[in-house]
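K.L.:
Sending over a structure as structure tokens; questions will come in a sec.
Just so it is clear, none of the values below were taken in a lab; they were calculated from the coordinates. Nothing here was measured: the structure is a model prediction, and the numbers come from that model. All Cβ positions, glycine included, derive from the backbone under ideal geometry; neighbour counts span all protein chains shown.
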Amino acid sequence: MNPSQKWLSTILLTLIVSINSITGCTSTDTTDAVNSETNNNDNQEQTNDQDPLDITVSIMPQKYFVNKIGGDRVKVNVMVEPGVTPHTYEPKPQQLQALSEAEAYIAIGVPFEKVWMDRISQANPKMLTVDSTEGIERLTMMDHDHGHDHDDHHDHNEEEINLDPHIWLSPRLVKIQTQTIYETLVRLDPKHQETYQTNLNNFLQEIEELDGKIRKNLDNLEQRKFIVFHPAWGYFAKEYNLTQVPVEVGGQEPSAAELAELIKEAKKEDIRIIFAQPELSSQSAETLAKEINGEVLLISPLSENWSSNLLEVSQTFAKVLKEDNNK
Ligand code: ZN
């Protein structure tokens, strides 16, 4: 071999080796992987299409959200049953047991999760746990004494406990939660990504329209202050430029002095309706209503039919606040 022949053979050898390794790469890593994936998906599809994803959530409104995105591809279990509040709720042993079937738990940051999340995860280590508060900046839970500057004497832990969990009552924030739910379903079931995407788009459109209707109901009110027993409506109020005045103080009935202060405020503002919720008994709301010659009106933050419930609440607010202002 002369030097140029030697050079040529080296190149040829290198080429052959690289072609080999390329095709080798192609056949093992790509083609085979694609094949086995296709096979897997074919198998999965048969079971999956009859067998919906088992998703567990904390509260009823989340069931509405997951159903909107998942359609008939999901079966949703709710931990906090209707009529109960997530502030005091504790999971039943059979609910923890039922988690062994769940593919995912979608948390929303309600108080019982803090205490129970470890045990919920342990109930099914294979279950995906998803935090749907991700990307949402939470407000501090409001006290009726208007002083929210407890920060001085609260350490970090306590402050976290005092974050307002009611993020599902703002349509804008529900859009963010819905995105997280969509990503979760796609991760568990990528084959139906297109379906989930279409459902997501439809639901975002529904939220957009709902938001428009709520704004229309509330935009022109002069009286923008309302009194509510349990301050669940902080995000709603912020979104629609209303002022929530809670009766509860730190999750408890107010003291006599605190109640007297509220009565004074209600009279000054010509407020006649005290809002309360069906899930909580509210002695002080009744007392307050009697003192101002008004009445208690129930609105639920936990209704399963989220969309129509929020619309109804906005209609109720519009009516009540208009009347309050005409006194
Ligand atoms: Zn609450």
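K.L.:
Give me, ordered by chain and number, the residues 5 or more places off Ile274 or on other chains with an amide H under 5 Å from its own placed amide H.
P.N.:
Those qualifying (amide H under 5 Å, at least 5 residues apart or on another chain) are Glu295, Val296, Leu297.
K.L.:
Would you mind checking which residues have amide H under 5 Å from Asn77's amide H? H placed 1.01 Å from N; only 5 or more apart, or other chain.
P.N.:
Sorted by chain and number, the residues that satisfy this are Ile55, Thr56, Val57.
K.L.:
Turning to a different aspect of this structure: What is the spin-label model distance, in nm, from Glu209 to Leu298 if the labels are put 7 Å beyond Cα along the C-beta direction?
P.N.:
Taking the two extended label points, one gets 3.0 nm.
K.L.:
What is the distance in Å between the Cα centroid of segment 216-233 and that of segment 236-278?
P.N.:
Centre-to-centre (Cα) distance: 11 Å.
K.L.:
Note the full-extension length gain between Met117 and Lys216 as 0.36 nm times their separation in residues minus their Cα-Cα distance, in nm to one decimal.
P.N.:
31.7 nm
K.L.:
Could you check the simple spin-label distance between Glu265 and Ile176, using points 7 Å along Cα→Cβ, in nm with one decimal?
P.N.:
2.6 nm
K.L.:
Additional query: With N residues in segment 220-325, what two-decimal value do you get for its Cα radius of gyration over 2.2 N^0.38 Å?
P.N.:
Against the compact-globule rule of thumb, the ratio is 1.00.
K.L.:
Find the relative contact order for segment 220-325 and round it to a whole percent, using C-alpha pairs within less than 8 Å whose residues are 6+ positions apart.
P.N.:
Dividing the mean separation by the residue count of segment 220-325 yields 30 percent.
K.L.:
Now for a different question. Which parts of segment 183-223 would a label at Lys126 reach, counting a residue when its backbone N lies under 16 Å from a point 7 Å out along Cα-to-Cβ?
P.N.:
Correct set: 188-189.
K.L.:
What fraction of the DSSP beta bridges in segment 220-325 is antiparallel, stated in percent and rounded to the nearest 5?
P.N.:
On the way: 1 of 11 bridges.
Beta bridges within segment 220-325, antiparallel portion: roughly 10 percent.
K.L.:
Using the Karplus curve 6.51 cos²θ - 1.76 cosθ + 1.60 with θ = phi - 60°, work out ³J(HN,Hα) for each residue of segment 126-133 in order, rounded to whole Hz, and write x for Gly and Pro.
P.N.:
7, 6, 7, 9, 10, 9, 7, 7
K.L.:
Okay, moving on. Tell me, what ³J(HN,Hα) does each residue in segment 97-111 have, in order and in whole Hz, if you take phi through Karplus 6.51 cos²θ - 1.76 cosθ + 1.60 with θ = phi - 60° and put x for Gly and Pro?
P.N.:
Karplus-based 3J(HN,Hα) across segment 97-111 equals 4, 5, 5, 5, 8, 7, 7, 8, 10, 9, 7, 9, x, 6, x Hz.
K.L.:
Which FRET efficiency value, to the nearest 0.05, is calculated for Arg224 and Asp51 with the Förster distance at 45 angstrom and r the Cβ-Cβ distance?
P.N.:
Taking R0 as 45 Å, the efficiency between Arg224 and Asp51 is 0.35.
K.L.:
Give me the net charge of Tyr89's neighbourhood, meaning all other residues with Cβ under 11 Å from the Cβ of Tyr89; Lys, Arg count +1, Asp, Glu -1.
P.N.:
Residues close to Tyr89 contribute a combined charge of -3.
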